[in-house]
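Note sheet for the following structure.
The values are calculated or read from the model by the stated rules, or taken from the named source; none is laboratory data. Just so it is clear, the model here is predicted, and its values are computed rather than measured. Heads up, the Cβs are rebuilt from the backbone with ideal geometry, glycines too, and the neighbour counts pull from every protein chain shown.
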Amino acid sequence: MRLFLVGFTVLFLSGCVAQLPWASDQRVTSAAYSDPSPTSITLMTVIANGSNSAGHSSLLINASQRVLYDPAGTWYNKDVPERADMLYGMTPKMLQYYIDYHARAKFRVVMQTLEVSPAVAEKILRAAIDRGASFSGFCAVNTSNLLALVPGLEDFPISIWPISAVNALNKVPGVKVREIFQNDEGKDLHETG
């Protein structure tokens, strides 16, 4: 009877666990995109226009290839292979699709870019891959943990609130900020930065 209960519990719980996306090596390799701009990390945060509260954060990493670490994110594109929360092949077109998905009449996307050395960018890329999938609601914790790996940002505040990371990164010298405002049809209303 005990063995039956253990087996039943394992089967029951396995039905409660979502299947994580895991693109094949071939898809990940063939989608690899190297962006010619300087190596960098970009905190991308979705912020409500009215309340200025932030709802989601991700990290665009421009290293040997450009990828997007999108912890617990909901964006999907069939041409962007995903492994857990890592999105590969973030070409300019795919990045724009990602922005268009999030920037709406009620939400803007804030992009905070910090240029880093190729070695640091690669370190952040490896760390993001190693983090794997995130629990829902932990996007800010996971992106902040990665930012704390950057030399000079070792004391970066770790919080479940995405706006905390935005405010902290705004104080870092050399960070370039870009805000994208769009309507619900994905048309640019205006942009700052």
Selection over region 51-76 where residues are surrounded by 18 or more Cβ atoms within 10 Å (Cβ to Cβ), closer than 17 Å to ALA32 by Cα and not hydrophobic (A, V, I, L, M, F, W, C) yields a count of 5
From the residues in region 15-41 that are part of a strand (DSSP E or B) and modelled with pLDDT of 95 or more, which one is surrounded by the most Cβ atoms within 10 Å (Cβ to Cβ)? ILE41
I need a count of the residues in region 57-101 that are within 15 Å of ARG27 (Cβ to Cβ) and not charged (D, E, K, R). 14
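Answer yes if at least one residue in region 42-50 is in a loop (DSSP other than H, G, I, E, B), β-branched (Val, Ile, Thr) and within 22 Å of VAL166 (Cβ to Cβ), and no otherwise.
no
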Strands (runs of 3 or more DSSP E) (entirely within region 64-177) containing at least 2 residues that are in contact with a Gly (Cβ under 8 Å, 6 or more places away or on another chain): 107-115
Can VAL177 be described as surrounded by fewer than 16 Cβ atoms within 10 Å (Cβ to Cβ), hydrophobic (A, V, I, L, M, F, W, C) and over 13 Å from the mean Cα position of the chain (by Cα)? yes
Note: among ASP85, ASP79, ASP130, just one is surrounded by fewer than 20 Cβ atoms within 10 Å (Cβ to Cβ) and in contact (Cβ under 8 Å) with a residue 24 or more places away in the chain, namely ASP79
Going residue by residue through region 94-109, is there one that turns out to be more than 21 Å from GLU185 (Cα to Cα), of a type outside the set (Ser, Thr, Tyr) and either at pLDDT 95 or above or touching a Pro at 6+ places or on another chain (Cβ under 9 Å) (or both)? no
Selection from region 83-98 of residues aliphatic (A, V, I, L, M) and more than 22 Å from ILE129 (Cα to Cα) yields none
